[in-house]
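The block underneath contains the structure these notes are about, expressed in structure tokens.
No lab work stands behind these numbers, since they all come straight from the coordinates. Source: prediction; values computed, not measured. Reconstructed Cβ throughout: ideal geometry from the backbone, glycine too, with neighbour counts over all protein chains shown.
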Amino acid sequence: MREFNAVQLRDHLATADTPPLLLDVREPWEFRICQLAGSQLIPMGRLAAAIKSLDPERETVVICHHGIRSRQVAMYLDYQGFSDVINLAGGVDAWARDVDLQMATY
């Protein structure tokens, strides 16, 4: 499992040949407030039931509010055999602070 800060993720998204899956593991009410464009919502509590819908070979960036839940999920995916998992350190809060100053925060 790797970890990117918000600026590193922004740069990675701009240069990646194939876009990674942006997996948001927050709750639906949080996702409605703000989200990274193109992200897919699967709340942390529903991930085990939905894991078979994910491609374990695809680069996957896990996102939450502050990077705590996403780190746990990233470690879980790594344990489940996902080959390329990245945690967004600081979560959408860091993204709003360091990359997208117009993003809503909570």
Original post:
How big is the range 1-45 in terms of Cα radius of gyration and Dmax, in angstroms?
Top reply: 11.6, 32
Original post:
Arranged by the count of other C-beta atoms within 10 angstrom, fewest first, what order do SER83, SER39, SER70 take?
Top reply: SER83, SER39, SER70
**OP:** Can you quote the Å³ per residue value for the convex hull of the Cα atoms in the chain, rounded to an integer?
**Re:** 88 Å³
Original post:
Whose amide H sits under 5 Å from the amide H of LEU22, counting only residues 5 or more places off or on another chain, with H placed in the peptide plane?
Top reply: GLN40, VAL61
Original post:
Ranking ASP17, ASP55 by Cβ neighbours within 10 Å, fewest first, what do you get?
Top reply: ASP17, ASP55
**OP:** Output ³J(HN,Hα) for the range 48-65: one whole-Hz value per residue in order, computed from phi by the Karplus curve 6.51 cos²θ - 1.76 cosθ + 1.60 with θ = phi - 60°, and x for Gly and Pro.
**Re:** 4, 6, 9, 4, 5, 7, 9, 8, x, 8, 7, 4, 10, 9, 9, 10, 9, 6
Subject >> Helix-only mean residue ellipticity at 222 nm for the chain, each DSSP H run of n ≥ 4 adding -39500 (n - 2.57), per residue, nearest 500 >> reply: -10000 deg cm²/dmol
